[in-house]
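Input: a single structure, listed below in structure tokens.
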Amino acid sequence: MKPYFDPDYEYLSQCINPPRVCIDNTTCSDCTLVKVDSMNKPGILLEVVQVLSDLDLFISKAYISSDGRWFMDVFHVTDQQGRKLSDPKTIQYIEKALGPERRDIGKKEDTLPGKSVGMHLVGDHTAIELIGADRPGLLSEIFAVLTSLHCNVIAAEVWTHNRRVACVVYVNDDITLCAVDDANRLLLMKEQLRNVLRGPACDGREACTNISIGSTHVDRRLHQLMFADRDYESHGGVMEELRPVISVDLCEDKGYSVVNVKCKDRPKLLFDIVCTLTDMKFVVFHASVSSDGPYAMQELYVRQKDGCILDSNDDKEKVVKCLEAAIRRRVSEGLSLELCGRDRVGLLSDVTRVLREHGLSVTRADVTTVGEQAMNVFYVTDASGNPVDMKTVEALQGEIGQTVMLNVKKVPATATKYREPGRWAKTSFSFGSLLGRFLS
């Protein structure tokens, strides 16, 4: 007979010992401190980091401790412009999302205007998840299929890595603007998309299409899709000087595996790492995160969910590969094409067709709809993965720029060579000093 577990126990525990959230704008001159003090529970670190990442906040430092029954974190954060948090709505949202009222945070009135917090702010929709072999022109074919089936794309997120592509697309009926729920229509949609995704399956991995009616955290789901697809199995497409420096060591006296990550810093880096460790069934007990100029250093003390540590070289190597994949999935290279204009059925199909006709390959895409405005960002290279030449850029501006506003940006180069491990500034971490750092 299984022991009874009251589903309201966690809620009751939080009522007795509610989470405490402090937004400190006085201690540091150049950043805001977000301090979280709460009862410990599985997955709580990912929840906290996810809230901060969804608001596009940059985490420059963090001290994390969740050993035992209590969870204590402090994050040094700034907004996208590198400034302290000053918007009262953003501060209020963090306090509510991480505090005692977080059970109610999913309500529409709690979301931030203009933000897609975790889930794109879309109405009635059908969610489509796709995973398969990447190739030039694939995104154009996917949107063309959806347009031919009278579906309007209201939001989408697309990642590519190691010749694989994963995307989450939200659609509704182009006439009723309601979710597509007809079984025959959904079956046809699934079959046609699977046919488009089918490519040379020389690595034994097939295309996969899943359709559901409901919401999901987009970035979290994309990580799960690509991890399940084993995109971390390297194809040798990354130059050695671009690889993050990742190691897994042993802290014998405390019984932890120690994961060290040193790489080029960027937004949402901590989320990507914690998300992947969580999906691999690891628990982060302590961590120290810091920045040194353009570089980030993270030291995480982890155990597997069953309490075991990593003791085999094969297991350590898999962790290194999976974390490297998690970091690389969101790295964008080449040109950024920012499109803004009045939304209409078939807009994405037309835009991606033009990109395909000019021989461009989409490495990442973020598609949103705010009211009647389409706001889309495409990261593109040529078909060989090389930078796009200026003649092609001018042709795109002449063709796409006739119907929507087009802003072309060069993505900051990621080819800066990482420093050798011995030249990195060392991160200092000790369990005894963690509380002092948390309170400082």
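Determine, for each peptide in 179-190, 260-271, the mean count of other beta carbons within 10 angstrom over its residues, then list the peptides with the highest first.
Most protected by this proxy first, the peptides run 260-271, 179-190.
Got a sec? What order do Ser65, Ser312 fall in by accessible area at 1.4 Å, biggest, i.e. largest, first? Write out the running numbers ahead of the final one.
Values: Ser65 15, Ser312 40 Å².
Greatest to least solvent exposure: Ser312, Ser65.
Residues with amide H under 5 Å of Ile154's amide H, sequence separation 5 or more or different chain, H placed in the peptide plane at 1.01 Å from N; which?
Under 5 Å from the amide H of Ile154 lie the amide H atoms of Tyr170, Val171, Asn172, each far enough along the sequence or on another chain.
Please calculate the 1.4 Å probe accessible area of Cys22, with all protein chains present, and give it to the nearest 10 Å².
Ignoring ligands and nucleic acids, Cys22 comes out at about 60 Å².
When the label point is put 7 Å from the Cα of Leu187 along its Cα-to-beta-carbon vector, which residues of region 121-162 have a backbone N closer than 18 Å?
Once the point is set 7 Å along Cα→Cβ of Leu187, 149 turn out to lie under 18 Å by backbone N, inside region 121-162.
If you count only protein heavy atoms and use a 1.4 Å probe, how large is the accessible surface of Lys35, to the nearest 10 Å²?
30 Å²
How big is the accessible area of Lys84 in square angstrom, nearest 10, if you roll a 1.4 angstrom probe over the protein chains?
Near enough 60 Å² of accessible area.
The values are calculated or read from the model by the stated rules, or taken from the named source; none is laboratory data. As the structure is a prediction and not an experimental result, all values here were calculated from the model. Note: ideal-geometry Cβ built from the backbone for every residue, glycine included; neighbour counts use all protein chains shown. Surface areas here come from the heavy atoms of the whole protein model, side chains and all, with no ligands, DNA or RNA. Shrake-Rupley method; radii C 1.70, N 1.55, O 1.52, S 1.80 Å.
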